[in-house]
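> Shown below is the structure under consideration.
The values are calculated or read from the model by the stated rules, or taken from the named source; none is laboratory data. None of the values given here were measured: they were computed from a predicted structure. Every residue, glycine as well, gets a Cβ built from its backbone with ideal geometry; the counts of neighbours run over all protein chains shown. To get the accessible areas, we keep the full protein, side chains included, count just its heavy atoms, and leave off ligands, DNA and RNA. Shrake-Rupley method; radii C 1.70, N 1.55, O 1.52, S 1.80 Å.
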Amino acid sequence: MISTKKEMVTTNVLHQLGIAALTAAAWVVGVELVFDLLALIFNHNLQSFLVSLQGIPTTLANILPVVLAIYFLVTPYSDFKWAIQNGVSRWTLWQGRLLALLLSTILIDLIDELLALTYRPMGSWSALLIHLLGLLTTVLTFQAIGNGFGLLSRKGKVIVGIGLPIVMIILLMMLMSAVDGVTLDYSNGHFIGSMGWLFNLLDSSATPWILWMVYLAVVLFLTKFFNDRMQLRRD
């Protein structure tokens, strides 16, 4: 049974997210319509205008997941301030936001699939499940990053926002350089070489799911860890 305050947090998040999604969709579709109408005025090509209107579902299907991810990236601190003002604990805030994230991800994924039916047939159930899990993982990742940024001052956000991508790029380049220097042979369905065991492990069909579950557990831990250490700031 969901508590009153948890329901209040979930409802508040879904309300704010709904406003953000509708506003973004209205702006994007409105701008697209303006350009299409201008093209119709100058070109007088009605058929081209009608074809361009068919791209609106594609635009909506692309913009809604982006709005969802960005919302959970930028709102952790504002939701935390709202929770403190309304006597909501950090634990209830984390639970309520997580519930809202799950519900909104499922809803937007469903809307995306319905919009996609206007320009392609429905995919297999496994493809639908992977799409949902991919969207869920992305939004949870953005929420973890947002909760981490919620601990920082404005100056700290700038420093980490610039420095963290640079560090990630350097680490990725180092990893690519290390892998590039590995010599491997493939024989009887197995990799052979100094790093063969690692590539054989990655080649297993179960490995991606195991890595996904480990990654999801780490992201959820970081989300809770950052949430519990958020404090009110003056900046």
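> Does Leu133 satisfy being at pLDDT 90 or above, part of a helix (DSSP H, G or I) and open to solvent by less than 60 Å² (accessible area, probe 1.4 Å)?
yes
> Among the helices (runs of 4 or more DSSP H) contained in the range 36-128, which hold 2 or more residues that are over 21 Å from Ala144 (Cβ atoms) and among the β-branched types (Val, Ile, Thr)?
Those helices (runs of 4 or more DSSP H) span 56-74.
> Scan the range 98-127 and report the pairs whose first residue is closer than 17 Å to Gln54 by Cβ and whose second residue is assigned to a helix (DSSP H, G or I) and open to solvent by 30 Å² or more (accessible area, probe 1.4 Å), with Cβ atoms within less than 7 Å and a gap of 6+ or a chain change.
Sorted first by the residue in the range 98-127, then by its partner, the pairs are Leu115/Leu60; Tyr119/Thr58.
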